[in-house]
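Here is the structure we will look at.
The values are calculated or read from the model by the stated rules, or taken from the named source; none is laboratory data. These numbers were taken from a predicted model, which means no experiment stands behind them. With ideal geometry, Cβ positions are generated from the backbone for all residues, glycine too; neighbour counts draw on all protein chains shown. Only protein heavy atoms, including side chains, enter the accessible area calculation; ligands, DNA and RNA are left aside. Shrake-Rupley method; radii C 1.70, N 1.55, O 1.52, S 1.80 Å.
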Amino acid sequence: MCFFKGVDLHPQTNNVNHRTREISLTRLIVRRGQAFKLTLNLRQPFNPSVQPLCISAATAKAVWKVELDKGSSTTTGNLILTVTPPADTPIGEYTMTVKHRDQEMVLAKPVVLFNPWCPDDWVYLKDKDEINEYVMNEQGIIYKGSNNYIDSCNWDFGQFEDDMVDICLRILDLNPKYMKDPGDDVSARCNPIYVSRVISAMINADDDRGVLEGRWGGSFIGGVSPSRWTGSYAILKRWFVIGSYPVKYGQCWVFAGVMCSVMRLLGIPCRVVTNYESAHDNDRSLTIDVYHADYGVREKPTQDSVWNYHVWVEAWMRRPDLAKDGKYDGWQVLDPTPQEKSQGVYCCGPAPVVAILNGETDLKYDTPFVFAEVNADCIDWLVKADGSKVNIFSDTARVGQNISTKSVGSNKRMNITDSYKYREGTEKERSVFKYATTRDLSKVDEVEEREEEKEESEKTEEAVQNGETEGNKAGNETKGSTDVVTPVIAPQPPSPPMSMQFEEVTPPKYCKDVRLMLVLQSKSSAAMQLSINISVQAMRYNGSPAGTIQTEVKEETLLPGKDLSVPIQVPFTAYHKLMIECDNMKVSALVTDKEKPDNTYLAVHDVVLLDPPITITVSGITRLNREAEGEVVFMNPVTETLKECTLTISGSGLLKEDIEVKIPDLKTNNRICVKFPFVPYKPGKKTVVANFDCSTFRDIKGSCTVDVKL
């Protein structure tokens, strides 16, 4: 007769205690460093001194603690066991077995997650409000737009939706390190530094079976435009059900949003961060060189660039690998967008924010690259017809503006720029920049190279060298390369006899003409005969031009000590076709003193067009598991008929599946009014998002907060 009768895992009680009830109330999901209970039912009384039970968990190196609870009854055979996975247990799914003599039974298959509530866990976060925001909150905000037009969009992280545990475990099990050596990889999952780096690599699909394929230009046929996505779950679920092939397509905010969802599910505190005027320093010179042709249009002969904005994530964890005193503990930058290779793989971080603040660019991982993103110097060059270059502008303050994330417990924007860099214009900021340029970046290469060689110890020396060559081609983690450009401090040109800036006559709205004023201010005692080259280009948010909208040349006289205003108008008919797939337009004014042709001046202004309004509302009290109704209203604001119109409505906790409605052609000044039913399946504050797409403009979004009552 079988000695074992059964087992009660008490998933509801355990999951509530372990703060995993939002994930499941039927599957045992626990957090490391915290005890859980189960009841083992035996068919006969139990005498532990005569009939010992052997309980084991298929784990790596951690030893789990199992105790017999005081409430157990050995006479009836109902044994209450208290099980505690250590705070350094590798995360993942385990198979627990119990053995008595020659009989063995599977006891449980618990999933173990990181525990930010446990002081001994490296992801411990003391502030409970921050844990609720950075681990438990499924609703978020991602900031886009530009430094002058900070725009916010709702993002549905949905980390506790169905199958998210299995999705995240599959991401871990498909990473190349696991494929190569499952034992070593699973053992290393005790370390959030290692896990976060793996996730950073696996969110993009550039060199593995990752989640998202990126695309920054051209057609999105065969996939979904990045601007269409409103949350992570639809992407992760699609990747999961199609056999773990990459989902098309993503850009930086999509990569970051998806990574944040995975990190929060695994229990690592995580938030999405947007850096405006974000530099991409390809050669680690800590300077961004931008070249302009003599007619004002920007060229791109180098891989350096400044993005309107760039989005990454920060994860909270200790960094004892860098210092034992906790100096580098706290927020760490991780970037899943495939920009440059790190140790031969498209990933980035974790880089300590405090190290970036203090210019410690010789620390791992990828700190030089992130430092340049927020604090590189910019040099603008004029390329003349004979090929010669003239330094027309140097800017030490442009890069790294309004670094933003959602506030704890509210939808307000929190500016965290001061955590990344000292205030621009201060001596401290300049001294840190100079310090960063003096760091021996080969040291961090050597440290990372030693780690890589340890991981690849069974490979031949030739294979290792080939791997280093691949890294060199990527241009970031160059693995001992001797051709890294030496960082230099940008020289400052002399103070010019005039200054100029753009001013907006009216707020720039999509579907309306854009009206600007170029204001020139004389600082000279003599009149200046000026040739003013004005160029308007459609720009993708990553700094690459999509096409020229218009150019014009004006001849003006700037009187001594006076201001001169030059009107600029960009008609809707001129820009709308190029701007369908673009985020902003860049207006450049290249001004030449006709009497002194070597004196040239540059002013640049980014224009982000405000989307037409769309409203979504939910009326009345919304209750759990009861049907409610919402309404979306949108009016055609342009003088042409909108074609290929689609309305998509989504929201985790409210809609199990997105609602997609095909809209008939919408004539000018006509409006649509779409009512939709839904049945909320989760309580609390949720967000429903409406997305309107057509042939004239892309993905106009509106949102509404719904408070679901029990």
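How many residues are touching a strand residue (DSSP E or B) at 6+ places or on another chain (Cβ under 8 Å), touching a residue at least 60 places away in the same chain (Cβ under 8 Å) and of a type outside the set (Gly, Ala, Ser) when one looks only at the stretch 303-324?
Qualifying residue count, the stretch 303-324: 12.
Here is a check on your reading of the model: is Thr367 polar (S, T, N, Q), touching a Ser or Thr at 6+ places or on another chain (Cβ under 9 Å) and closer than 24 Å to Asp321 by Cβ?
Considered against the rule, which asks whether it is polar (S, T, N, Q), touching a Ser or Thr at 6+ places or on another chain (Cβ under 9 Å) and closer than 24 Å to Asp321 by Cβ, Thr367 comes out as yes.
Examine the stretch 328-337 for a residue that is part of a helix (DSSP H, G or I) and buried (at least 22 other Cβ atoms within 10 Å of the Cβ), and state whether such a residue exists.
Among the residues of the stretch 328-337, not one is part of a helix (DSSP H, G or I) and buried (at least 22 other Cβ atoms within 10 Å of the Cβ), which makes the answer no.
Does Val370 satisfy being in contact with a helix residue (DSSP H, G or I) (Cβ under 8 Å, 6 or more places away or on another chain) and buried (at least 24 other Cβ atoms within 10 Å of the Cβ)?
Judged against the criteria, Val370 is a match.
Please go through the stretch 400-431 and give me each residue that is among the polar types (S, T, N, Q), under 24 Å from His280 (Cα atoms), under 17 Å from the mean Cα position of the chain (by Cα) and open to solvent by less than 60 Å² (accessible area, probe 1.4 Å), ordered by number.
Correct list: Gln401, Asn402, Ser404, Thr405, Thr417.
Name the residue, out of Trp316, Trp381, that is in a strand (DSSP E or B), under 30 Å from Cys260 (Cα atoms) and open to solvent by 40 Å² or more (accessible area, probe 1.4 Å).
Being in a strand (DSSP E or B), under 30 Å from Cys260 (Cα atoms) and open to solvent by 40 Å² or more (accessible area, probe 1.4 Å) holds for just one of Trp316, Trp381, which is Trp316.
For the stretch 462-471, state whether one or more residues are modelled with pLDDT of 65 or more and either part of a helix (DSSP H, G or I) or within 33 Å of the chain's Cα centre (by Cα) (or both).
no
Within the stretch 547-565, identify whether any single residue is buried (at least 20 other Cβ atoms within 10 Å of the Cβ) and in contact with an Asp or Glu (Cβ under 8 Å, 6 or more places away or on another chain), and answer yes or no.
No - not one qualifying residue is present in the stretch 547-565.
Within the stretch 443-451, does at least one residue satisfy the condition of being surrounded by fewer than 14 Cβ atoms within 10 Å (Cβ to Cβ), at pLDDT 50 or above and touching a strand residue (DSSP E or B) at 6+ places or on another chain (Cβ under 7 Å)?
Checked against the condition, which is being surrounded by fewer than 14 Cβ atoms within 10 Å (Cβ to Cβ), at pLDDT 50 or above and touching a strand residue (DSSP E or B) at 6+ places or on another chain (Cβ under 7 Å), the stretch 443-451 yields no hits at all.
Mind checking which residues of the stretch 592-636 are surrounded by 14 or more Cβ atoms within 10 Å (Cβ to Cβ), under 30 Å from Val536 (Cβ atoms) and under 32 Å from the mean Cα position of the chain (by Cα)?
Ala603, Val604, His605, Asp606, Val607, Val608, Leu609, Leu610, Asp611, Pro612, Ile614, Phe634
Just to be sure, is Lys300 open to solvent by 10 Å² or more (accessible area, probe 1.4 Å), modelled with pLDDT of 95 or more and of a type outside the set (Phe, Trp, Tyr)?
no
Considering Gly326, Gly387, which residue is on the phi > 0 side of the Ramachandran plot, out of contact with any Ser or Thr (no Cβ under 8 Å at 6 or more places or on another chain) and modelled with pLDDT of 80 or more?
Exactly one residue qualifies, and that residue is Gly326.
Restricting attention to the stretch 65-103, report how many residues are at pLDDT below 85, buried (at least 17 other Cβ atoms within 10 Å of the Cβ) and under 21 Å from Asp121 (Cβ atoms).
The qualifying residues number 1.
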